[in-house]
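Down below is the structure, laid out as structure tokens.
The values are calculated or read from the model by the stated rules, or taken from the named source; none is laboratory data. Model, not experiment: these values are computed from the prediction. Cβ placement follows ideal geometry from the backbone for every residue including glycine, while neighbour counts extend to all protein chains displayed.
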Amino acid sequence: MTAAESSQLTDQPPIERVADLVAGYGAHARPLRELLATLDGTPHDLASLVRATALPRRTVEEMLSALGSDLTENADGGHALRPERADAYRERFRLGQLAATALTDPFAARLAEQAPLVERMAGLIRGAPGSDRDLDHVSATAETVVRRALWLDATFDLAGARLLCVGDHDLTSLATACLRPELAVTVVDIDERVLEFVDTAADGLDLDVRCLHTDLRLGLPPSVAGTADLVVTDPPYTPDGLRLFLARGAEGLRDREHGRLVMAYGFSSRQPALGLKSQQAVQGLHLAYEAIWPHFNRYHGAQAVGSAADWYVCRPTARTWRTLDHAVRDAAGNIYTHGARSMEAAGATELDEDAARRVLDTAAHPVSALVGPGWPDGAGDVKGRLGVGTLLAGGLPPAHIRRGRFAVALNLAEDPGSWLPRVLLSTNAAQVVVVVPNNHPDIADESSQQALHALLAAKYRLRFRRNLPDRGHALVEATALPAGTDDSGGPADPAAWLAHWLLHRAHGKLGNVWRDGLIRLADVTGAPRPTKNQAREAVRGAVGRPALLDARLVDLPRHRLHTLLAELAPATVETVARP
């Protein structure tokens, strides 16, 4: 458009500018007319206009600009058509026809019946952890999460079923479990804050919701794989993010013939090519789209995509299962749209030779393995190399375990913030030296450092060294501690002895490891030896959620780890530690 043409448009009456804008959309102009109808009456701010119409923010702004002096704006930023101009817009753009031809919302009656649940979810959403921009968090509305629950309940037989939520910042797990308490739900998420909030809320509401930590780029917890009848996910809106979350969700299905994956995904109507690119990534998993419900989900934010997302029902095919290994093996490190882990972010993971040497020089024992990316070739003549995912999946492989005392060095420059305690749980060595970003949350301040130390106190003594090996990084040195024993060879502190036992077996099934630890503790204290059944019952009696006993220690949310080590495990010691 030339400057002259732009000036001419500016000189037009607002209603003519709006007419030109609407005409430009032809047969697809109804959403713009709905925007005009929304402006006819109660004032709405920009965010609510976007959410009500599912139009991209830029499109709404274009309409508001075109309306110009025909709009009023109140002190709160609410916009509405001027009352004296409203009739002209109703007639010119046939706004009455919209209500006459609108389809009835099939959820309206049930949403009205579930008004108390909507209110409860609104309160939970208000109290939930704030959105983490680096994880593409945008909160769904309370009505949306209840709508999801109602749709699931109307579509599937949820009583006795197992639902897996792959990420759950939206709290869909709580809404669905509140609606259908007979449903067993598992939530996997990388955000410790979300896991603690959902877990605590579920306890308070007496819901069967189990929360486990996972970084989907590294793998799904073994206790989750092949257990779910249904999967729900609202993934990062990038091709790699969609593919990874759906692939891990498919790994979680136990019914390969009838299982379904349900996904929220939206893209801007102004950028259909981006939507196509993401859908093609999903098609690479050979998932069939059984249904797509437009604009099913609404959000507090995500205005670029109209604060809305469609509801996809995906069904695996025979080729899906042959594709999964390839899909997760090639998972990108950066899968989000914003922040340090966005697709455009360039992670500084490489250590130069001098930095690597400074790390290895801190080792007091021979280094058996270098873990993580970014180690220079020939660093310290250490031949053992493995990825963080391999370590977290099963600990050090036998080939990297030396006789005698040895050290392990890790480069966690890519740590999203939750790896550090878990790699220390996963590594059993005389010494572990870990490179982390200088701003890592576990070393950010004294209280963070003390919290990490308290978690691992029965296994390692920790030392934190900033600006080593270079200004962008810090070094965490972990020195192994023996199980506390007294002069007779027995445990000086039975609770610490049991914690030491558990922390050194982080990849075993928690219930089994804990049971065996109680039996072994009785042996070393001289107490009567419990049977396996007796020890198992002591463990089950200490844990409010028996399903957690099927998980590995390394997969528990951090708040659960703390409670287990500080309260639950010591309580079971009383059953066996007295001769």
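With the requirement that a residue be among the aliphatic types (A, V, I, L, M) and closer than 19 Å to Phe296 by Cα, what does the range 224-245 give you? Steps first, please.
Here is the first cut: in the range 224-245, the residues among the aliphatic types (A, V, I, L, M) are 224-225, 228, 230-232, 242, 244.
Within the range 224-245, Leu230, Val231, Val232, Leu242 qualify.
Out of Ala451, Ala480, I need the residue that is surrounded by fewer than 19 Cβ atoms within 10 Å (Cβ to Cβ) and closer than 25 Å to Ala542 by Cβ. Which one? Give the steps one after another, and end with the answer.
Numbers: Ala480 fails: closer than 25 Å to Ala542 by Cβ.
Residue meeting the stated conditions: Ala451.
Go through the residues of the range 114-137 one by one and say whether even a single one is crowded, with 22+ Cβ neighbours inside 10 Å, assigned by TED's automatic domain parsing to the domain that holds Val305, more than 30 Å from Asp40 (Cβ to Cβ) and among the charged types (D, E, K, R).
yes
Just checking, which of Gly241, Gly219, Gly275, Gly226 is over 17 Å from the mean Cα position of the chain (by Cα) and either over 16 Å from Leu163 (Cβ atoms) or not small (Gly, Ala, Ser) (or both)? Spell out the reasoning first.
Details: Gly241 fails: over 17 Å from the mean Cα position of the chain (by Cα); Gly219 fails: over 17 Å from the mean Cα position of the chain (by Cα); Gly226 fails: either over 16 Å from Leu163 (Cβ atoms) or not small (Gly, Ala, Ser) (or both).
On inspection, the qualifying residue turns out to be Gly275.
Scanning the range 540-579 for residues that are of a type in the set (Ser, Thr, Tyr) and over 23 Å from Ala451 (Cα atoms), which turns out surrounded by the fewest Cβ atoms within 10 Å (Cβ to Cβ)?
Keep residues of the range 540-579 that are of a type in the set (Ser, Thr, Tyr), which gives 563, 572, 575.
Okay, now just the ones that are also over 23 Å from Ala451 (Cα atoms), so 572, 575.
Working: Thr572: 23, Thr575: 19.
For the range 540-579, the residue satisfying everything is Thr575.
Determine, yes or no, whether Pro469 is farther than 25 Å from Gly394 by Cβ and either in contact with a Gly (Cβ under 8 Å, 6 or more places away or on another chain) or not polar (S, T, N, Q) (or both). Lay out the reasoning, then the answer.
Values: farther than 25 Å from Gly394 by Cβ: yes; either in contact with a Gly (Cβ under 8 Å, 6 or more places away or on another chain) or not polar (S, T, N, Q) (or both): yes.
Criteria met by Pro469.
Give the range 48-79 a look and list any residue that's of a type in the set (A, V, I, L, M), within 28 Å of Gln271 (Cα to Cα) and surrounded by 18 or more Cβ atoms within 10 Å (Cβ to Cβ), or say none. Quick ask: steps written out before the conclusion?
If we filter the range 48-79 for residues that are of a type in the set (A, V, I, L, M), which is where we start, we get 49-50, 52, 54-55, 60, 63-64, 66-67, 71, 75.
Filter once more, so that each one left must be within 28 Å of Gln271 (Cα to Cα): 49-50, 52, 54-55, 60, 63-64, 66-67.
Answer for the range 48-79, where residues must be of a type in the set (A, V, I, L, M), within 28 Å of Gln271 (Cα to Cα) and surrounded by 18 or more Cβ atoms within 10 Å (Cβ to Cβ): Leu49, Val50, Ala52, Ala54, Leu55, Val60, Met63, Ala66, Leu67.
Take the range 226-244 and flag every residue that is touching a Leu at 6+ places or on another chain (Cβ under 8 Å) and surrounded by fewer than 22 Cβ atoms within 10 Å (Cβ to Cβ).
To start, the set of residues in the range 226-244 that are touching a Leu at 6+ places or on another chain (Cβ under 8 Å) comprises 226-233, 235-236, 243-244.
Answer for the range 226-244, where residues must be touching a Leu at 6+ places or on another chain (Cβ under 8 Å) and surrounded by fewer than 22 Cβ atoms within 10 Å (Cβ to Cβ): Gly226, Thr227, Asp229.
Got at least one residue in the range 202-225 being assigned to a helix (DSSP H, G or I) and surrounded by 20 or more Cβ atoms within 10 Å (Cβ to Cβ)? Don't jump to the end; show me each part of the working.
Looking only at the range 202-225, we keep the residues that are assigned to a helix (DSSP H, G or I), and these are 202-205.
Still in the list and also surrounded by 20 or more Cβ atoms within 10 Å (Cβ to Cβ): 202.
Yes - at least one qualifying residue is present in the range 202-225.
Of the numbered conditions (1) farther than 22 Å from Ser418 by Cβ; (2) in a loop (DSSP other than H, G, I, E, B), Val282 fails exactly one; give the number of that condition.
So Val282 meets the others, but not (2).
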